[in-house]
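The values are calculated or read from the model by the stated rules, or taken from the named source; none is laboratory data. Owing to the predicted nature of the structure, the values given are computational and were not obtained by experimental measurement. Glycine gets a Cβ as well: all are built from the backbone with ideal geometry, and neighbour counts include every protein chain shown. Remember, those area values only see protein heavy atoms, side chains included, never the ligands or the DNA or RNA. Shrake-Rupley method; radii C 1.70, N 1.55, O 1.52, S 1.80 Å.
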Amino acid sequence: RHSANPWLLRIYGVELPPIDSAFAAGGVLFATSAGTLYANGEELAKGADRLIGAVAVDGGIVAATDSEFFITRSDAMLIERFAPETTGSMRKLGTDGQTVIVATQQGYSEFDPLRMSLSAPASITANGIAWSRPATLSTEQAEQIGTAALGDAINWERVLLDFHSGRILPVVGRYIADITALCLLYMCFSGIWLWTRRR
C-alpha cells in the first residue's frame with residue numbers, strides 16, 4: 001500500500017508539486033497539477049494542460065485547458081472530454097449568461113457542450129462576457145491536491161524497513177534503533193534470569 005501523507009513526505013523531504021492553475025464554478029474547485037486535472041481534490045483526468053477557466057452551464061460545468069474541454073456534472077463527475085481542432089491555444093473561458101465563450105488567438109468562439117462543437121472565430125464583442133477568474137486555494141486545498149498528485153510516492157513497506165533500520169531519521173535514527181534493540185535484548189535476558197530464579 002502507498003501513502004502520500006504530508007507528515008510522511010516531510011520526513012522523506014518530498015515536496016508537494018505546485019498547483020499550475022485553479023478555477024471554481026458551480027461549487028466545484030478545479031485545479032491542474034503535474035499534468036493532471038483535479039475536481040475538489042479528486043483526480044478527474046490525466047494528461048491535462050494548464051487550466052484556463054471553468055463556468056457553470058445548465059445541468060453541469062464546463063472546464064477548459066489550453067487545448068481541451070471537460071464537461072462534468074454538478075457533482076464533478078466527468079461526462080465528456082473534448083479536444084477541438086484549433087490552430088492556436090485557448091486563452092480564457094467565460095460566459096455571457098447563455099453560451100460558453102472561448103478566447104483564442106484568432107478571436108472569440110462559442111462552445112456548445114451539448115453538440116460538443118466549437119464554432120469558428122466570430123465577431124463577438126467582449127462586452128457582457130463574464131470571464132472565469134482564478135481561484136485562491138487555501139493551504140488545506142493545495143495540500144490535498146498536491147498529495148493526490150504525488151499518489152504512489154512512498155509505500156508503507158519502505159517506511160517500515162527504514163523505521164527498523166533507523167534510516168527514517170537521518171542522523172540519530174540508527175542510534176535510536178541500536179539502543180532500542182539493546183533494550184529489547186536486556187528485557188529478554190533479564191526476564192529469563194528472573195524466571196530461572198523463581199524456579
Next on the checklist: If you average the alpha carbon positions of the stretch 173-199 and of the stretch 13-76, how far apart do those two centres end up, in angstrom?
Outcome noted: 56
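Counting Lys and Arg as +1 and Asp and Glu as -1, each charge on the Cβ, what is the dipole of the stretch 81-151 about the Cα centre in debye, to the nearest 20? Numbers along the way, then the final one.
Working: 5 positive and 6 negative charges, 24 e Å.
Dipole size: approximately 120 debye.
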Next on the checklist: Going by average Cβ density within 10 Å per residue, which order do the peptides 180-188, 51-59, 17-25, 31-39 take, highest to lowest?
Outcome noted: 31-39, 51-59, 17-25, 180-188
Checklist entry - Just by accessible area at a 1.4 angstrom probe, what is the order of 157, 110 from largest to smallest? => result 157, 110
Next on the checklist: Suppose all protein chains stay in the model; what accessible area per residue would a 1.4 Å probe give for the stretch 11-53, in Å²?
Outcome noted: 42
